[in-house]
Structures are given as C-alpha cells and as structure tokens.
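The values are calculated or read from the model by the stated rules, or taken from the named source; none is laboratory data. In this text the structure is predicted, and so the values were computed from the model without any measurement. Backbone-built Cβ (ideal geometry, glycine too); neighbour counts: all protein chains shown. Heads up: the accessible areas ignore ligands, DNA and RNA and are worked out on the full protein's heavy atoms, side chains in. Shrake-Rupley method; radii C 1.70, N 1.55, O 1.52, S 1.80 Å.
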Amino acid sequence: MKEKTLVLIKPDAFEKNHTGEIIAIYEKKGLKLCAMKLMQMTKRVAQKHYAEHIGRPYYEELESFMTSAPLVAMVLEGDDAIARVREINGKTNPAEAAEGTVRRLFAESVGKNAVHASDSPESAAREIAIFFSEIEIFD
C-alpha cells in the first residue's frame with residue numbers, strides 16, 4: 001500500500017553535509033521524494049511536532065537541539081513507506097543500528113541521531129501537515 005511519511009534530516013546531519021547522501025539512500029531503496037524544504041525549526045513548530053514529549057526530562061534538550069540549526073524536512077512516498085523508512089534509518093541508538101542504516105552511518109548519539117521519521121500513518125498525516133501545505137506536496 002502506498003504511504004507518505006515525514007522525514008527530517010536533523011541539524012547534526014545537515015551541518016555535516018550528509019543531506020545528499022541520506023536522500024540518495026532513500027531514493028536507491030525505491031522511495032519517491034514528494035516534498036522537501038530547508039528550514040530552521042522554531043520553538044512553536046518544535047512544540048507542535050513533539051507535543052507528546054513536552055514535560056518529559058529530555059524535552060528541553062530535544063527542543064534546543066532541533067531549533068539550533070537548519071534541517072531538511074521532506075515527504076517520502078512508497079509501498080509501506082513508514083515501516084521501510086524506519087528500517088532504513090535503523091535504531092535510535094546508532095551503536096545498536098544495523099550496518100548500512102542511516103543512523104549507523106551518520107548519527108553521533110541517541111540524541112544527535114541524524115534523522116526523524118513518522119512512526120504510524122496517524123503520526124505521518126499529523127507531522128506532514130505541520131511542515132507542508134497540500135500545494136507543496138507532489139505525487
């Protein structure tokens with residue numbers, strides 16, 4: 001089943017010039033790029049995107065990191081895109097991520113883990129709407 005999912009190339013990976021390599025990995029795995037923008041996340045956007053994490057011990061550090069420098073937001077589409085992207089990304093802890101995954105290749109730590117991807121169809125729909133309007137997404 002065709003799905004769309006949100007991917008964020010986080011400030012750590014963007015600042016180290018890994019954006020093109022990361023996008024190439026998704027495209028080589030058959031995912032289609034439908035929308036993309038370079039932006040700096042604001043506190044307001046961070047609070048919307050990470051709403052379920054507000055109040056947790058790590059939230060302030062997460063918000064500070066995500067708003068610290070530019071990131072790349074994109075929408076990828078493909079068969080079972082949500083699960084496939086999460087598999088391509090690898091585990092959150094890069095030390096536990098499988099060889100060849102985005103996080104194994106480019107992440108520094110659990111906190112600076114290179115990429116974010118939606119974890120469910122509901123999250124994908126909510127998150128895509130935070131970063132993109134309908135006219136910015138191409139099929």
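For the pair the stretch 13-27 / the stretch 62-137, the C-alpha centres are spaced 12 Å from each other.
How many Lys pairs in the chain lie less than 12 angstrom apart by Cα atoms, where the lysines are 8 or more positions apart or on different chains?
The result is 4.
For the chain, set up a Gaussian network in which alpha carbons nearer than 10 Å are linked by springs, and say which option among I82, I25, I54 fluctuates the most. Highest fluctuation of the listed residues: I54. Apply 1/(1 + (r/R0)^6) to the Cβ-Cβ distance of L62 and E99, taking R0 = 22 Å, and write down the FRET efficiency to the nearest 0.05. Computed FRET efficiency for L62 and E99: 0.25. Taking all protein chains into account, the per residue accessible area for the stretch 4-43 stands at 50 Å² (1.4 Å probe).
For the chain, the 222 nm mean residue ellipticity estimated from helices alone, with every DSSP H stretch of n ≥ 4 adding -39500 (n - 2.57) and the total spread over all residues, rounds to -10500 deg cm²/dmol. Computed over protein heavy atoms with a 1.4 Å probe, the carbon and sulfur contribution to the accessible area of the chain reaches 53%. Work out the P(r) tail for the chain: percent of alpha carbon pairs separated by more than 20 Å, whole number. Beyond 20 Å sits 42 percent of the P(r) for the chain. Principal axis analysis of the Cα atoms in the stretch 1-43 yields extents of 34, 23, 12 Å, listed in decreasing size.
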